[in-house]
Each structure stands twice: as C-alpha cells, then as structure tokens.
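Below is one structure; the comments refer to it alone.
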Amino acid sequence: MDRSIPADLNVSAKQIHINGVVQGVGFRPFLFVLAKKHHLTGEVSNTEDGVCLCIQGQADHLNHFIEDIIPHKPLLSQIVEIKTKNIPARDFNSFKIIKSRPLENGSGKKRATLISPDVAVCTDCRSELANPLDRRFEYPFINCTNCGPRYTIIKDIPYDRPKTSMKTFKMCTACQKEYDDPLDRRFHAQPNACPECGPHIWLTDHTGLTVEEEPKSVLESAAHYLGQGKIIGIKGLGGFHLACDAADPDAVKRLRRQKNRPHKPFALMAVNTKALLNHVNIKEDEKEVLESYHSPIVLLEKKQKTDHLPPGQTIAPQVAPLNNYLGCMLPSTPLHHLILEKGPDILVMTSGNRSGEPLSIENEDALDAFSHIADFFLLHNRDIFFGADDSVVRIMDQKTSFIRRSRGYAPLPVYLSKKTAPVLACGGGLKSTICLTRGKHAFLSPHIGDLDNAKVFEYYKKNIDHLKRILDIDPQIIAHDMHPGYMSSQYAKAYHPDQKKYKTVAVQHHHAHAVSCMAENHLDKTDEPVLAITLDGTGYGTDGHIWGGEILAASSRSFTRKAHLSYLPMPGGDAAVLQPWRMAVSVLFQAFGEDLIDLDLPFLEQLEKEKISFICQMMEKGLNSPLTSSTGRLFDALAALLDICTIISYESQAAMELEAVAGDMQGQVYDYHILNPEQIQDNPYEGLGTTAVRETKNSNDKELPYEIDLLPAFGQIVQDMGMGVSKGRISASFHDTLVHAFCAAALQISRDTRITTIVLSGGVFHNKRILTHMTHSLESKGLKVYTHSSVPAGDGGISLGQAVIAAALEES
Ligand code: ZN
Ligand code: ZN
Ligand code: FE
C-alpha cells in the first residue's frame, strides 16, 4: 500500500479526473506511456464516469504531462472535462494501471461513462490484415483499441468482455497476452480475437446449407459469385446487407424486383475513394467524412458524363433512378474490406430488412427473410446484440447534415447547454429515434424506423430498455409527440415500470423540431425566443390540423405560431400521402374549381373524370379531407402536376425527385401572397387556421399568424406547362418561390418581434437547394441563421427537442 510521504519540495502530486469517451478507446495505456515520457509515477483507473489518476513528479514535468493530454489523446476518445486538484504525494515508484473500481451497490451514484459507437477498421489493423506474415492475415474480425465493434456487441456496462457478445470466445494465449499488456495496441480491446480463438465466417446457399467453410475459400467464393451477378446476404457489424455488383444492371434490377423496392435509391460500398472517382464528384470535406472512422453513407453528386467508361464499369442506372446523388460508403469492417478487395470494386449494399421492418441481425432471421432474394449468405458467429443501420450524411453549406444518425455515431451524446433532469423522449412516428438525457448529455438512439410496423415497435421498446440499461438512466419525465395516434405517444402514456408514476409532457411536433435545432446550437441557454422555420411533411398541430409549413417564435418552454402555409384539404387523408396526384387535384381545385377537369395536363389524363369529380366533392363537403399546411404535400402536388411522381413507393420520393430534376437550374420566383391576419378573415378556411388552441404559455391569443399562400404560383405553373417550360425549370422556380415566400414572411415577423435569430428545421431541410438558398437569403438580410449538424433536421432529430422542452418545463 502506498503511504503518504512527507512533503518533498521537488515533488508535486495531483489527482486528475477526466471524463468523456475515455473507456475502451486506449486511454489508460495512452496515459501510461505519457507518464513514462514525463518521468512521472502514480496510478490510473477507470471510474464510473471516466478515468482517475493520481500522478506525481517534478512540477514542470507534471504540467507538461497535463498539457499533452488533449493534443495527443487517442483517436476515438472525446474529452468532456479535465478536473485537477493538488493532493499529498505518496511513495509510488512506477506508473500503474490498476483495476477498475466497480460502483458499490447502494452508493446512489450513477454510472456516467460514455459508450463508444462502432468504429471502422483502423490503418494499423488494415496493414496487418494485408500482411501474409501476420497471424491475423485476412482475418475478418481483426480489431484493436482504436477500432472495431462497440455499441452493437454490448449487452450491459461496464464495458468488459463478459458483457459483450465476445463472451463466448475464450482468448488464446497470444491474444490474452496482448490484452493484458498496457503497451500493446490491444490492451483491454474487448473484442480482441484471432483465427485461433475468435469468430469465423462461412458461406451458405439460399436455403442455409453450408457451401464453404475454409476462410480463404469463403471469401474467394463470395467475391466470385458477386462478380457473376449473384446477390449475397452479408452479415456485417450492425446487421445484414444485401449485396450485388453495382455495375451489373441485371443483378441490380433483380435485387429491386425481389426486394419489392422499385425506386428508393440503393447505397453503394466502394473498395476505396479512388474507385468512386469515375462515378461521383468528391469534394475535400466530403472525402474527409467518407474516410472518417464513423464511415457513414455520404451523398455524393453523380458525374454527368460516364460514357467514356468501358461497358461493365458504369454504375447501373437502376441504383438511384431519378436522383443526382449516389449514397456511397467505404468498407467499415475487415470483412467488407476483404470482400471488396477480392470482388467487384463497388457493391450495392442495401439494408437487409423485410420491407418496413428492423434490420435483420440474426442468421436464422436473415435466412428466413431473404432466401427468396439472396443466392448466398455470408454468415458469421459473432452475435449482434443491437442493430445499427448505416448512417447517412450530406454535406451542405460546408456542414455535415445527418439524414440518418446511426452506426458510427450513436450513442455518442449531443452536448447540452445546461444540466437537465433525466428525461425519456419518445420521438415521433416516422424515422423514429428516442432520446435519454443525463446531466449535460442527450443520448439519441440509432435510427429505429416507422413505428406503425409491429416489429419496429417491438424493436423500439427493446431499444428504450437497452439504452436505459447501458446508459444507467432512470428517466423521471416522459416526453412525447402531441399526436394521440402515434405509437410513441401511446407508449409514453402507458409507461410505468416499477409501478411508479411518471410525469408525461406532450410536445408539439414543430416546437420539438425548432428546439432540437436550438439545443444543438446552445440557443436555449436563455429564455429568449428565436424564430424557427420548420418545414416538413406531417406534424400534429395544436388546432388538430396537420402542420408542416410553419414559422414559430419559440423558446425551450413555449412557442407561438407566427405564420404557416395556407391550409389545403388532403382528399383521402393518409391516401393523399401515398398518392401525390390527390394533392395535385386539391391544389388545382383551390385554384380553378371544378374547371380543373378541362385542364390539359398529362397526369389528369391518367385519371377517370368521375374519380376527379368525386375527389372534388369530398373536399367540398369536407369528407375525409383533413386540412394541412404541410410543405411536403405541396412538393407532392407539384411532382404529380409535372407527372414526375403520381404515386410514391417510399417516403419523400416526390420531393427528392423534384430536387433532382431542378438540379442547379436557374429559377424564377412565382407569385405568392402573404396574408396578414385581417385579410385572413375573408379566407374560406377562416377559423380553421386561426383558432389554434395554444397549449403553451406566453402566447398572445389575440395575435393571429400570417398565412403564406402559394396558390398563385400553381396558377403560373399550369401556364408555364402549357408553354412548354421544362420540368426542371418549373421545379427550380417552385423551390425558389418557397424560399422567397418564407424569407419574406420571416423578415416581416422579425420586424414585428425584433427577433433576429432564426433556426431552420424539419425534413425539408435535407433538400440542399432549400437549405442553402434560405440560409444565404436570410443571412443577407441580417438575420443570424442556425441549422442542424449534430442531429437530423428530419424526424430523427425531434426526440432531442422533446427532451429539452420537457426538461425546461420541469425546471420552471
Ligand atoms: Zn485497429
Ligand atoms: Zn487468439
Ligand atoms: Fe417532422
């Protein structure tokens, strides 16, 4: 036992507490080496919320040691805070890594370590993988403290091997030696393994019958079959993918047909960045994200001309029809590297799930789900405890925007501006995530999916339980969307583990969007309201209508609706979401009345006249025609009007195809009206948009919102179509009109309220043209604009807003 020794004038001693992502990332060995370098003695151990050192030596050595921590920290670590205090020196004669101190039961203290996401294979491991003399040559599960699986193999914390799916593999002597050696790259690398002692791969036919077992033949056969146009179900890190050669149109077509996915773009995985250069333009910032250890899918702009490429080397057009971008990623696991090095340079890698269901993570389930799609299965025996879909990002305006934040990022926290009560925020209905808060951290789950599917809902509940456990959070407040029909709202209301009573808070959808953007930009530090332009497809409004084209004045406690798109009926309700032609009929009916039938428009020719009359009557009588101020539905209307997309096969299809057809084309601004509240009194929908039941505080009920009416634009669009103006130009003009109208309204509101800070949120801001044009236009008028870069602008981000709102209301 080290004793306190009498103070030596030359020896200083400090206790240093570091928290953040500092466990399972090689942090203690790093400190060990650093302490040796600076001739210091002492000890380091993991604690419940990070690492703690007692360290001593000459004062200037000690200072240099502290200065070196941040600039030289291990790649995967994230330091949130370093706290130091002077302590009496002890008689250490070396620097030691000592055993983690487990939390004592009943100590009342919460475990607060951060869990690392899964990390793409590092360069050291890659060179070993390629070295025939290395004992892990071509071993598909090579990893070290700087890379490999984390989140997807963890069952519980502390993050130690027995609590991961590596539990069943006993390390061989050589692996154990690395694991125990503080100077080894594999010191305490929990998934450490080798061909002797670790997991292995095998290849089966579509019925599950093993066809290859010898590792080298498995890889070579899989690569060979891919080159032959076969489809293979590959078990990866966070779940299954279905893979085929991206340059083989027949294989891609077959995959589309069998997967029943006619249009939604497929993601690609390329052997390296260079292999992509013939097909897409890659800017420096895009390259950086593509090659980062997060290894997400990055949306990259397709090259216009690829006809110089030899046949068989162009990406099949069926990969992403009607889209100017390709979703590309690099291999994130050693297995993917090996397959791509031996097989085609670029593979389609689409998620292996039954339509609308969570990703398959088990061999049996995958065989059951895709035996009709895949010709072969490449399987392994390292279990995936929790699935993680590939993350999807797009670089817009020099910022990384998440379309889906999942593998490689979750469950890293979003850093909040202040400490909050523990909240569980249940998310929305589509593209759901959940959020748990602890102190200044907000943890968003990986992408979960659309909760109307029963299996996704089961997976959702499991995710909540799992994250509560591994993050050690017992939420006291449950936040949910105001929509009473959402499964997430129903889950929140029924939440009662341990029969305790929980406070629930219903949060308006667009308020949650606004505050999610405020929270990640730390605009919620004060109670000052900001303006928020929130544009999306669907969100339940406080007046019972469907909102989605809104300008709010919002703080983390309350909001006032300042403007919205004019209400339009959605004939057939949900059917109108799936069938954009219904929204086109709705828009034309508002603009032209029953005369719309006589318009010379291609999409109308495909519809029976009786059907159109019937739809018009439905709207007139208000039968099954809920009102909406959604921006998404306006995009739908235009897509159908231009005959680009009259029925969708995936969410946001119409808007994505309109963005693609507009490209970089110059647009003009069509007419629109901004109606002030007095004018609204004459509006046919008077009383519907203006009698909002405001449930939050601070709103002035006498103050009515402006209405942004784009119907005049649609009148001009019909004229333009008659004059043969191209679809691309019309779409570009519509985008620009939308931007213009919202900027004009926002400026008017800014003058009315003297608020000059504005946030942009909602799924429409995944659209590059709208995000960049709106940001620049508002900035040029002197407004301070904030956008998303930590969580998705779409519904994958609203759980963050819900959590912050619920915590703020609790505080007040
Ligand atoms: Zn590594
Ligand atoms: Zn081994
Ligand atoms: Fe939304």
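The stretch between H522 and R257 holds 90.8 nm of extra length on full extension. This uses 0.36 nm per residue minus the Cα-Cα distance.
Compute the Rg/Rh shape ratio of segment 355-398: radius of gyration over Kirkwood radius, all on alpha-carbon atoms.
On the way: Rg = 14.5 Å, Rh = 12.9 Å.
With Rg and the Kirkwood Rh in hand, the quotient comes to 1.12.
Rounded to whole Å and ordered largest first, report the semi-axes of the equivalent ellipsoid of segment 410-475 derived from its Cα gyration tensor (root of 5λ). Spell out each step's value before the answer.
Details: eigenvalues 94, 27, 17 Å².
The answer is 22, 12, 9 Å, longest axis first.
From the residues Y540, P484, T526, which one has its Cα farthest along the dipole of segment 479-562 in the positive direction, the dipole being from +1 and -1 charges on Cβ of Lys/Arg and Asp/Glu about the Cα centre? Farthest along the dipole direction, towards plus: P484. The charge dipole of the chain, taken about its Cα centre with unit charges on the Cβ of Lys, Arg, Asp and Glu (plus for the first two, minus for the last two), comes to roughly 2480 debye.
Relative to the longest principal axis of the C-alpha atoms of the chain, give the angle of the C-alpha long axis of helix 454-471, reported between 0 and 90° and rounded to the nearest 10°. Value to nearest ten degrees: 40.
Against the globular-protein guess of 2.2 N^0.38 Å, express the Cα radius of gyration of the chain as a ratio, rounded to two decimals.
Working: Rg = 28.3 Å, N = 812, 2.2 N^0.38 = 28.1 Å.
The chain yields a ratio of 1.01.
Debye-formula intensities of segment 331-381, expressed as log10 I(q)/I(0) at q = 0.19, 0.25, 0.30 Å⁻¹, are -0.76, -1.14, -1.25 (one equal scatterer per alpha-carbon, no solvent).
With a sphere of radius 15 Å drawn around the Cβ of S733, what net charge do the other residues whose Cβ falls strictly inside it have (Lys, Arg +1; Asp, Glu -1)?
On the way: positive: K727, R729, R769; negative: E659, D664, D671, D720, D736.
Net charge in that neighbourhood comes out at -2.
Here K303, K621, K727 are placed in order of increasing Cβ neighbour count within 10 Å, fewest first, which gives K621, K303, K727.
At 25 °C and 0.890 mPa s, grab the translational diffusion coefficient of segment 267-379 from Stokes-Einstein with a Kirkwood Rh over Cα pairs, rounded to a whole number in µm² per second.
The estimated diffusion coefficient comes to 159 µm²/s.
When R185, R407, R28 are sorted by how many other C-beta atoms sit within 10 angstrom of their C-beta, beginning with the fewest, the order is R185, R28, R407. Only helical runs count toward this figure. For the chain, summing -39,500 (n - 2.57) over DSSP H runs of n ≥ 4 and dividing by all residues gives -9500 deg cm²/dmol at 222 nm. Over all Cα atoms in segment 600-665, the spread is summed up by Rg and Dmax: 13.6, 42 Å. Based on Cα atoms of segment 249-326, Rg over Rh with Rh as the Kirkwood radius reads 0.97. Note on segment 163-241: percent of Cα-Cα distances in each 10 Å bin, starting at 0 and stopping at the bin with the largest distance, equals 16, 36, 28, 17, 3. Projected onto the charge dipole of the chain (+1 at Lys/Arg Cβ, -1 at Asp/Glu Cβ, origin at the Cα centre), which of G573, A35, T306 gives the Cα projection farthest towards the positive end? Toward the positive end, the furthest listed residue is A35. Compactness check for segment 558-604: Cα Rg over 2.2 N^0.38 Å is 1.45.
Going from the fewest other Cβ atoms within 10 Å to the most, the residues T207, T538, T433 appear in the order T207, T538, T433.
Placing one equal scatterer on every Cα of segment 385-535 and applying the Debye formula, the log10 ratio I(q)/I(0) at q = 0.13, 0.20 Å⁻¹ is -0.60, -1.52. Name the residue from T420, I97, P191 whose Cα lies farthest towards the positive end of the charge dipole of the chain, charges +1 on Cβ of Lys and Arg and -1 on Cβ of Asp and Glu. Ranked along the dipole, the leading option is I97.
The value given for segment 550-647 is a Kirkwood hydrodynamic radius of 14.1 Å, derived from the mean inverse Cα-Cα separation. Against the chain, whose longest principal axis is taken from its Cα atoms, helix 653-662 shows a tilt of about 80°.
Against the longest principal axis of the chain, how steep is helix 798-811, in degrees 0 to 90 to the nearest 10, with axes from Cα atoms? Once rounded, the angle reads 80 degrees. Scaling the Cα radius of gyration of segment 17-144 by the globular reference 2.2 N^0.38 Å produces a ratio of 1.23.
For segment 349-451, the convex hull spanned by the alpha carbon atoms encloses 139 Å³ per residue.
Start at zero, step by 5 Å, and the Cα-Cα distances of segment 526-578 spread as 4, 18, 26, 23, 12, 8, 5, 2, 1 percent across the bins.
How large is the direction-averaged shadow of the alpha-carbon convex hull of segment 759-812, in nm²? If you can, show how the numbers build up before the last one.
On the way: hull surface 17.7 nm².
Taking the Cα atoms of segment 759-812, their convex hull projects to 4.4 nm² on average.
Working from label points 7 Å from Cα in the Cα-to-Cβ sense, the I597 to S45 distance is 8.4 nm. When the convex hull of its Cα atoms is viewed from all sides, segment 190-324 shows a mean projected area of 10.3 nm².
Here the gap between S371 and H72, fully extended at 0.36 nm per residue and compared with their Cα-Cα distance, gives a gain of 102.8 nm.
No value in this document is a laboratory result; all are computed from the given coordinates. Predicted, not measured: the structure shown is a model, and the values here were computed from it. We place every Cβ from the backbone using ideal geometry, glycine too, and count neighbours over all the protein chains shown.
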